[in-house]
Amino acid sequence: MRPVAVLPLIKHAVIAENEWGEKMILVSSCLAGLEVRYNGTHRLNHVIRKLMEENKAVTACPELLGGFSTPRDPAEIIGGDGEDVLAGRAKVVDKAGRDVTEEYIKGACATLEMANEVKATAVVLKENSPSCGSSMIYNGDFTGEKIPGNGVTSALLKKHGYTVISEDELANYFPELFPSDE
């Protein structure tokens, strides 16, 4: 496989604000309650929903941005992780055996463009996804086994300097969203 051409590195503000002067977070659409996952479901996270209601977050679904519809066959990375896909050393294949690497890269690039456009200060993506996993992805065998690694979108965003976390890490990065009981 040959390395894939991606967007050039773009400099962006470390601390950016939305048009109202507030920090903006880019989040996976499924975490905001939108039914965009491969099987037509969502993974609502109530903190993310609250951020959306307060206009502090904007949603993106890399897979839809890449041209997929909902529902769709599940897909996994074969031969590595998202960094390997971007370098041309691995591919993304759906459960029917179709190579969908190009669509995943297209969605990652579109998500990067969105993050740049909204001047996102951080990105919260759905863990385990071949697009969005920020520390874990499925192993490529469609058995449900997980391995350490980034999804394609997560890898591209990190390459461009974005802080990418999973929904499970929200409290660590944004403690102000989780008031203490003191």
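The values are calculated or read from the model by the stated rules, or taken from the named source; none is laboratory data. It should be emphasised that the depicted structure is a prediction, and the values quoted were computed from it without experimental measurement. Ideal geometry is used to build each Cβ from the backbone, glycine not excepted, and the neighbour counts take in all protein chains shown.
At a glance:
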read-out	value
Residues (under 11 Å from the mean Cα position of the chain (by Cα), charged (D, E, K, R) and surrounded by fewer than 23 Cβ atoms within 10 Å (Cβ to Cβ)) located in segment 94-128	Glu127
Flag if Val93 is of a type in the set (A, V, I, L, M) and closer than 20 Å to Val47 by Cα	no
Close pairs (6 angstrom Cβ cut-off, 6 or more residues apart or separate chains): more than 12 Å from Ala108 (Cβ to Cβ) in segment 49-68, among the β-branched types (Val, Ile, Thr) anywhere	Ala57/Ile25; Ala57/Val27; Val58/Val118; Thr59/Val27; Leu64/Val36
Matching residues, segment 93-128, being in contact with an Asp or Glu (Cβ under 8 Å, 6 or more places away or on another chain) and either more than 28 Å from Ala57 (Cα to Cα) or free of Cβ contacts under 8 Å to residues at least 40 places away in the same chain (or both)	Val93, Asp94, Lys95, Ala96, Arg98, Val100
Residue within segment 20-41 that is within 20 Å of Glu167 (Cβ to Cβ), part of a loop (DSSP other than H, G, I, E, B) and modelled with pLDDT under 90 present	yes
Within segment 57-108, tally of residues that are aliphatic (A, V, I, L, M) and touching a helix residue (DSSP H, G or I) at 6+ places or on another chain (Cβ under 7 Å)	11
Residue count, segment 129-144 (criterion: under 19 Å from Asn39 (Cβ atoms) and crowded, with 24+ Cβ neighbours inside 10 Å)	6
Considering residues of segment 78-92 that are in contact (Cβ under 8 Å) with a residue 24 or more places away in the chain and either acidic (Asp, Glu) or not in a loop (DSSP other than H, G, I, E, B) (or both) only, the residue nearest to Ala60 (Cα to Cα)	Gly82
Meets criteria (of a type in the set (A, V, I, L, M) and within 20 Å of Ser29 (Cβ to Cβ)) for Ala155	yes
Segment 55-90 - residue that is buried (at least 21 other Cβ atoms within 10 Å of the Cβ) and of a type in the set (Gly, Ala, Ser) and, of those, nearest to His42 (Cα to Cα)	Ala60
Test: residue in segment 145-154 that is surrounded by 12 or more Cβ atoms within 10 Å (Cβ to Cβ), touching a helix residue (DSSP H, G or I) at 6+ places or on another chain (Cβ under 7 Å) and modelled with pLDDT under 95	no
Residues of segment 173-182 satisfying the condition of being exposed (fewer than 10 other Cβ atoms within 10 Å of the Cβ) and either at pLDDT 95 or above or in a helix (DSSP H, G or I) (or both)	Glu176
Selection count, segment 30-54, where residues are within 16 Å of Ser154 (Cβ to Cβ) and either crowded, with 22+ Cβ neighbours inside 10 Å or among the hydrophobic types (A, V, I, L, M, F, W, C) (or both)	2
